[in-house]
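Colleague: Have a look at the structure that comes next, please.
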Amino acid sequence: MNEINSNHQIRFENGEFVQQDTKPSAPISMPDCGPHFHEVLNSHKLNLHHEHPNELQINLGKLCNLACHHCHVDAGPKRTEIMTWETMQKILSWAKKANIERADLTGGAPELNPHFREFCDELIKLGIQITSRCNITVLYESGQEDLAEWYAERKIRLVCSLPCYTEDNVDAQRGKGVFDKSIAGLQKLNALGYGKNSELSLDLVYNPGGAFLPPPQMSLEEDYRKMLGDNFDITFSSLLAITNIPINRFAHALKRNGELEDYQHLLVSNFNAGTVEQLMCRFLINLDWEGRVYDCDFNQMLEIPMSGGAQTYLWDLEINGVAGQSIATNRHCFGCTAGAGSSCGGILAD
Ligand code: SF4
Ligand code: SF4
């Protein structure tokens with residue numbers, strides 16, 4: 001693996017890419033109390049290693065039209081970190097050689113990257129199945145008027161965040177007016193066949209509005225189906241219940257409210273050894289907007305390089321050397337193993 005040594009970055013400002021001197025990273029935040037994750041794994045005689053990866057989870061940048069309270073990316077309208085086309089081309093070439101089967105595109109709002117659509121089309125040409133993490137409201141951003149139809153034509157799987165089925169809870173977490181736009185966006189997607197036609201998968205994502213664990217995913221899905229169906233005639237494929245990981249914006253909010261220690265204790269006391277085999281970090285490689293590799297999106301935000309080693313670009317990584325490499329963990333990992341567990345695909349155990 002080659003170590004990274006760059007003193008400038010390409011950032012996206014006022015609609016164009018500009019070169020800037022490297023800025024110091026924003027301060028990061030995570031729990032500093034309770035046992036370490038590896039101590040608890042050891043006590044259960046468990047360890048955490050990569051399998052041979054067939055999926056890339058690609059963070060296309062931190063620019064987002066929203067700035068949600070729980071966002072682990074600290075994404076928002078003023079962020080300038082955006083993946084360039086040059087980086088995308090390097091990823092495409094590596095993915096082809098490595099026979100990658102799936103790409104999970106995230107951000108920020110991945111669609112706001114000016115090369116998003118071209119990148120998706122190139123991934124599709126390689127036979128790579130795409131999941132896009134869409135905040136729904138982006139459908140109403142300027143220049144995105146045809147986005148829903150564009151997605152449907154390509155049968156891209158959509159995973160859409162909707163942290164509750166009530167207006168008050170969604171707007172409290174994501175901003176005023178977000179619920180109404182989300183409902184209108186889901187109705188538009190339904191009208192195109194999303195959530196109805198088996199080839200147009202539309203999953204919704206729930207995450208708690210505060211310092212508590214998600215309710216059971218199955219019963220919550222029934223509640224979502226009833227409330228969204230009865231009130232708005234909305235259907236969807238599945239509901240994914242995700243635990244808030246106590247880092248960055250969510251950790252700051254917990255700290256401000258004096259809840260960080262209690263929340264960490266809640267996560268640790270609900271440790272479920274049965275989730276470890278399914279942790280998402282075992283099966284994918286996560287990339288940041290500059291193409292550097294991490295064990296997962298949370299570690300990326302905490303600037304913990306893949307396997308705790310030196311910062312490495314994807315194109316310097318040997319795919320056959322990944323299986324068996326250890327995964328870098330810290331106290332935030334308890335967010336993935338509490339209760340039924342949590343991942344970008346929802347719960348990990350019954
Ligand atoms: S929509 Fe997603 S990426 Fe954007 S601020 Fe909200 S949680 Fe973060
Ligand atoms: S935070 Fe990341 S590394 Fe830690 S358990 Fe969760 S997915 Fe794995």
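Readers should treat all values here as calculations from the given coordinates under stated rules, not as data from a laboratory. The structure presented is a predicted model; accordingly, all values stated were derived computationally and were not measured. We place every Cβ from the backbone using ideal geometry, glycine too, and count neighbours over all the protein chains shown.
Colleague: Long-range amide H contacts for Ser343: which residues qualify at under 5 Å (H placed 1.01 Å from N, peptide plane, sequence gap of 5 or more or a different chain)?
Modeller: Placed amide hydrogens put Thr243 under 5 Å from Ser343.
Colleague: Taking the Cβ of Ile234 as the center, what net charge do the other residues with Cβ under 15 Å away carry, scoring Lys and Arg +1 and Asp and Glu -1? Before the final figure, lay out the partial values.
Modeller: Working: positive: Lys181, Lys188, Lys196, Arg225, Lys226; negative: Glu167, Asp180, Asp203, Glu221, Glu222, Asp223, Asp230, Asp233.
With Lys, Arg at +1 and Asp, Glu at -1, the neighbours total -3.
Colleague: Given H placed on each backbone N at 1.01 Å, which residues far from Asp104 in sequence or on other chains put an amide H within less than 5 Å of it?
Modeller: Residues meeting the amide H criterion: Leu56, Gln57, Ile58, Thr131.
Colleague: Report the convex hull volume per residue for the range 24-160, counting only C-alpha atoms, in Å³.
Modeller: Working: hull volume 21.0 nm³, N = 137.
For the range 24-160, the hull spanned by Cα atoms encloses 154 Å³ per residue.
Colleague: Right, here's the next one. Roughly what % of DSSP beta bridges within the chain run antiparallel, to the nearest 5? Walk me through the numbers before you get to the answer.
Modeller: On the way: 13 of 39 bridges.
Antiparallel bridges make up about 35 percent of those DSSP assigns within the chain.
Colleague: Give me, ordered by chain and number, the residues 5 or more places off Arg157 or on other chains with an amide H under 5 Å from its own placed amide H.
Modeller: Answer set, sorted by chain and number: Ile130, Ser132.
Colleague: Now for a separate question. When only Cα pairs under 8 Å and 6 or more residues apart are kept, what is the percent relative contact order across the chain? All intermediate terms of the calculation are to be shown ahead of the outcome.
Modeller: Values: 690 pairs, mean separation 86.0, N = 350.
Answer for the chain is 25 percent.
Colleague: Can you work out the Karplus-derived ³J(HN,Hα) for every residue in the range 53-61? Use 6.51 cos²θ - 1.76 cosθ + 1.60 with θ = phi - 60°, whole Hz, and x for glycine or proline.
Modeller: Result, rounded to whole Hz: x, 10, 9, 10, 9, 10, 8, 7, x.
Colleague: Residue by residue, what Karplus-based ³J(HN,Hα) values in Hz, rounded to whole numbers, does the range 168-183 have, using 6.51, -1.76 and 1.60 with θ = phi - 60° and x for Gly and Pro?
Modeller: 4, 5, 5, 5, 5, 8, 10, x, 4, x, 5, 4, 4, 5, 5, 4
Colleague: Give the Cα extents of the chain along the principal axes, in whole Å, largest first.
Modeller: Per principal axis, max minus min of the Cα coordinates gives 50, 45, 36 Å.
Colleague: Step through the residues of the range 249-258 one at a time and calculate ³J(HN,Hα) from phi using the Karplus curve (6.51 cos²θ - 1.76 cosθ + 1.60, θ = phi - 60°), rounding each to whole Hz and writing x for Gly and Pro.
Modeller: For the range 249-258, the Karplus-derived couplings read 4, 5, 5, 4, 5, 4, 4, 4, 8, x Hz, x marking Gly and Pro.
Colleague: Then there is this: What aspartates and glutamates does Lys45 reach when the alpha-carbon gap must be under 15 Å and sequence neighbours fewer than 8 apart in one chain are set aside?
Modeller: Glu277
Colleague: With the cut-off at 30 Å, tell me which of the pairs Lys62/Lys181; Lys78/Lys176; Lys90/Lys255; Lys62/Lys155 have Cα atoms farther apart than that. Numbers along the way, then the final one.
Modeller: Values: Lys62/Lys181 21 Å; Lys78/Lys176 18 Å; Lys90/Lys255 40 Å; Lys62/Lys155 25 Å.
Result: Lys90/Lys255 exceed 30 Å.
Colleague: Among the chymotrypsin sites (Phe, Trp or Tyr not before Pro) within the range 186-239, which fall in a DSSP loop and have no more than 16 other Cβ atoms within 10 Å of their own Cβ?
Modeller: Working: sites: Tyr194, Tyr206, Phe212, Tyr224, Phe232, Phe236; in loops: Tyr194, Phe212, Phe236.
Passing both the DSSP loop test and the Cβ count: Phe212.
Colleague: A further question follows. If you take the Cα Rg of the range 225-350 and divide it by 2.2 N^0.38 Å, with N the number of residues, what do you get?
Modeller: On the way: Rg = 16.9 Å, N = 126, 2.2 N^0.38 = 13.8 Å.
Against the compact-globule rule of thumb, the ratio is 1.22.
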